[in-house]
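Data block below; observations after.
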Amino acid sequence: MLRKFISYYKPHIWLLILDLVCALLISAADLVYPMVTRDLINNVIPQGNTRLIFIIGGALFIIYFIRMIMEYIVGYYGHLLGVKMEYDMRKELFSHIMDLSFDFFDSNRTGHIMSRVVNDLNEISEMAHHGPEDLLISTIKIIGAFILLCTINIRLTFIIFTIVPFMLYFMVTYNFKLEKTFRKMREKLADVNAGLENSISGIRVVKSFTNEDKERVKFDRGNEMFKEARGQAVKQIGIFDSGTNFLSNLTIVITIVAGGYYVSAGMINSGDLVAYLIYISQFLQPLNTFVRFTEMFQQGMAGFKRFQELMSIEPTIVDKPGAIELNDIKGDVEFDDVSFSYDGDKKVLSGINLKVRAGETVAIVGPSGAGKTTMCSLIPRFYDIDSGTIRIDGIDIRDITLNSLRKNIGIVQQDVFLFPGSIKENISYGYPEATDEDIIEAARLANAHDFIMEMPYGYDTYIGERGVKLSGGQKQRISIARMFLKNPKILILDEATSSLDTLSEAVIQESIERLAEDRTTFIIAHRLATIRNARRIIVLTENGIEEEGSHAELISRKGLYYELYNSQFESLLTH
Ligand code: ADP
Ligand code: MG
């Protein structure tokens, strides 16, 4: 997996090299100056050579000037590297998600997918640019400072390094604890977010049951747990930081005492002691970075693992090799002994046989859960069937490219989804090349033109979350206008008018009838009154197609349709 991760550096390899070279130079510059200081104190100052002091000062200035440029490069291009890698991965991930089939979206919650696209990639990006840089700088500083400490005085180094193992032990154990607390904190925060999302999207239910107080209590429970986890984290950070600093300072105290003793005993020079003190802090500080790096690495890798998991999910419905492009279709649709289950086990549909001629309208009725929606979603191959064949114009739909198949099929659903944007953009969604005339024509056919013209900016009125709100019937008419532009040969109307009041239903009914002209149309209807005129009605139950015929035929048969119709009629009378 690490190798896979490294492959994402490839397009930006020069940026990485630049970053690392500069990081290397920075560490080198940091290691040089204590040595210079040592020489200055030990040799130059006692000689009274003021000219050399200025030369050394000048040289140090140049070194630090270059170091400034390097640091800018590391700060800017190093982060840019992370930003670019994150961009690549996010782009790749979104593009991949767009390709996935419905079974994926059925079994993954939106919030869950979003957290991957946003949070995980953030963590990966952190690791991507800080990882190599921190690792290189810390390694060089630790090794370099250690060697230099030994060359200055090996005995002093030996004394001081008795404390380093304790320090490491403390840092590693506390870091481990911190990691656990942080993980808990993230989980609790996710709970808080989920609670917020649920309560807000369900606000209508909450208010109609006057359950606001219960929601408050429920939310507060999550919020409180997050607070506690956070409190714990803050406390541990406090212990970690103060403890680590204390141990560092202790090292310095020991250095001063032992070094001071050596200086006064004439065993080392005072310049040595100064250089020594600086190297000690140069040794200790990257130790901290090193320990923290392990955490960053773990988090980044965990994020990358989740990223990879998503990337490795394959779309289940794809073009068959050699699939044909089907452009001008007539619109014959045939279900030939079709069986289907969502999970490969429990059959939702079995042994469905149905032949629909081009241009014909078929109404599908039946109890809820019978599989009406499922049956229609098989035609555009939202799901693939288990056995049997679905044919369009006599061709198995699995032999047709998905794009050309779906271009020929239009679906109008009960819940209309409109994108934030203008009315015009929403009508021409999928047909950006449509002219204004095309759009107006489509809106007229959908009985939408008049209400659109009454909007503050007509067709340019912004709709969606921060724009004008539309009624259910208005939304539905926009989606029907979309369909007139799409102009598919096969049309599926899935309870398109079920959630509307009778008045809006009548307006929409008219535009739907216009839309259905010359197209093969499947109408799923909840209210049987809306399909009474259909010449062909199919009654679907869990056992398959139970009855078929015109309204009059089915009524006279006194079967399931007759019962359904009467029960609806009765409930209408009693209301
Ligand atoms: P209808 O439209 O006739 O009310 P559906 O086609 O929506 O019925 O559902 C038929 C059956 O399939 C139901 O038992 C339902 O629970 C199940 N079902 C529907 N959609 C899915 C899905 N995406 N995943 C799994 N099961 C589903
Ligand atoms: Mg349905």
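The values are calculated or read from the model by the stated rules, or taken from the named source; none is laboratory data. Since we're looking at a predicted model, the values are computed, not measured. With ideal geometry, Cβ positions are generated from the backbone for all residues, glycine too; neighbour counts draw on all protein chains shown.
Do we have Ser312 as within 30 Å of Ile6 (Cα to Cα), of a type in the set (Ser, Thr, Tyr) and out of contact with any Leu (no Cβ under 8 Å at 6 or more places or on another chain) here?
Yes.
Checking the conditions here, which among Gly464, Gly473, Gly430, Gly421 is touching a residue at least 24 places away in the same chain (Cβ under 8 Å), farther than 25 Å from Asn353 by Cα and over 27 Å from the mean Cα position of the chain (by Cα)?
Of the residues listed, the single one that is touching a residue at least 24 places away in the same chain (Cβ under 8 Å), farther than 25 Å from Asn353 by Cα and over 27 Å from the mean Cα position of the chain (by Cα) is Gly473.
Just to verify a result, which residue in region 327-363, among those that are assigned to a loop (DSSP other than H, G, I, E, B) and farther than 19 Å from Thr521 by Cβ, is nearest to ligand 1 (Cβ to nearest atom)?
Only one residue fits best here, namely Tyr342.
Restricting to region 319-353, what's the tally of residues that are loosely packed, with under 13 Cβ neighbours inside 10 Å and over 18 Å from Gly394 (Cβ atoms)?
Matching residues across region 319-353 total 5.
Quick one: in region 192-204, which of the residues that are hydrophobic (A, V, I, L, M, F, W, C) and surrounded by 12 or more Cβ atoms within 10 Å (Cβ to Cβ) is farthest from Ala229 (Cα to Cα)?
By that ranking, first place goes to Ile203.
Just to be sure before I move on: is Lys180 among the charged types (D, E, K, R) and modelled with pLDDT of 90 or more in the structure I sent?
Answer is no for this residue.
Can you name the condition, by its number, that Ala28 falls short on among (1) surrounded by 16 or more Cβ atoms within 10 Å (Cβ to Cβ); (2) of a type in the set (Gly, Ala, Ser); (3) touching a residue at least 60 places away in the same chain (Cβ under 8 Å)?
(1)
(1) more than 29 Å from the chain's Cα centre (by Cα); (2) at positive phi: which one isn't true of Gly344, the others all being true?
(1)
Please note which helices (runs of 4 or more DSSP H) are completely contained in region 49-166 and include at least 3 residues that are of a type in the set (Lys, Arg) and in contact (Cβ under 8 Å) with a residue 24 or more places away in the chain.
Passing ranges, in order: 50-99.
Here are Thr110, Thr50: which of them is closer than 30 Å to Asp319 by Cβ and surrounded by fewer than 15 Cβ atoms within 10 Å (Cβ to Cβ)?
Thr110
Could you run through region 364-416 and say how many residues are within 16 Å of ligand 2 (Cβ to nearest atom), under 19 Å from Ser101 (Cα atoms), part of a loop (DSSP other than H, G, I, E, B) and not hydroxyl-bearing (Ser, Thr, Tyr)?
Adding up the residues that qualify gives 4.
Suppose the filter is over 29 Å from the mean Cα position of the chain (by Cα), more than 22 Å from Asp120 (Cβ to Cβ), surrounded by 16 or more Cβ atoms within 10 Å (Cβ to Cβ) and among the aliphatic types (A, V, I, L, M); does Met171 pass it?
Yes, satisfied.
What is the number of the single condition among (1) surrounded by 18 or more Cβ atoms within 10 Å (Cβ to Cβ); (2) modelled with pLDDT under 90; (3) of a type in the set (A, V, I, L, M, F, W, C) that Ile159 does not meet?
(1)
Could we say that Thr520 is of a type in the set (S, T, N, Q) and crowded, with 21+ Cβ neighbours inside 10 Å here?
yes
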